[in-house]
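This report concerns only the one structure given below.
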Amino acid sequence: RCLAVDARGKVLDGDYVLYLAARDLRRAGRLPGDTVVGTVMSNLWVERALLAEGVKMLRAPVGDKYVLDEMRRGRHPLGGEQSGHIIFLDKATTGDGLLTGLLFVDLVRRTGLDLATWAASVSPCPQILVNVPVRSRPPLDSHPRIGPAIRDEERKLGERGRLLVRYSGTEPKARIMVEGESQPLIEACASRLSQLIQQEIGQETS
């Protein structure tokens, strides 16, 4: 994995790296289809900023395996995760931190980018992740109460945010990720859903 730190000490996660790499490739005419691959966890600001540059971002499930699968399916040369796994398919088939670091430093040097000034202008959307321990794992979308509640919250968010509710692949937990334009908006959404999931399938608390 590769993260960056600017001159003011701000940590830049994989979303920042992916955006700058995509912008650089497109401006150089080396981004076929003007498309990159992110994940369902990629912050909404990246998608919007890339669209402003004429680049579409596809969302794969979390995990560089799924990012790579989507890249190969569409022959997209660049993809990555918020965690810092960035894949440059013409050079490697996995997220190589050393390779990404070298390419990122080269990008900043070539373009003369003032990384700290640029990073200060970026405003990621507030994002919250809530884990709810569960005693069973019925399909969430078709659950008689949870499914309609998820769809209702998605309607409330509309274009102002995103909602992802899924089970952990490694733990008996339901994960609720809410992203939106304001902290109160996403906290209220996450609270309503976490309480409902706890009532319906949550583990009993002593």
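What follows is calculated from the coordinates using simple rules that are stated; it is not laboratory data. Because the structure is predicted, anything quoted here is derived from the model rather than measured. Reconstructed Cβ throughout: ideal geometry from the backbone, glycine too, with neighbour counts over all protein chains shown.
At-a-glance table
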{"read-out": "First in the range 182-204 and outside any helix (DSSP H, G or I), second anywhere and surrounded by 18 or more Cβ atoms within 10 Å (Cβ to Cβ), Cβ under 8 Å, 6 or more apart", "value": "Ser182/Pro126; Gly202/Val132; Gly202/Val134; Gln203/Val134"}
{"read-out": "Positions within the range 150-179 being more than 15 Å from Val40 (Cβ to Cβ) and within 17 Å of the chain's Cα centre (by Cα), in sequence order", "value": "Glu159, Arg160"}
{"read-out": "Answer residue from the range 69-99, given it is under 15 Å from the mean Cα position of the chain (by Cα) and either among the β-branched types (Val, Ile, Thr) or in a loop (DSSP other than H, G, I, E, B) (or both) and is nearest to Ala4 (Cα to Cα) among those", "value": "Gly84"}
{"read-out": "Per-region count, the range 50-67, residues crowded, with 20+ Cβ neighbours inside 10 Å and closer than 22 Å to Leu103 by Cα", "value": "5"}
{"read-out": "Some residue of the range 120-133 being over 21 Å from the mean Cα position of the chain (by Cα), of a type outside the set (Ser, Thr, Tyr), within 27 Å of Glu187 (Cβ to Cβ) and surrounded by 12 or more Cβ atoms within 10 Å (Cβ to Cβ)", "value": "yes"}
{"read-out": "Among (1) in a helix (DSSP H, G or I); (2) surrounded by 21 or more Cβ atoms within 10 Å (Cβ to Cβ); (3) of a type outside the set (S, T, N, Q), the one test that Arg110 misses", "value": "(2)"}
{"read-out": "In the range 1-50, residue nearest to His85 (Cα to Cα) [restricted to those that are of a type in the set (D, E, K, R) and part of a helix (DSSP H, G or I)]", "value": "Asp15"}
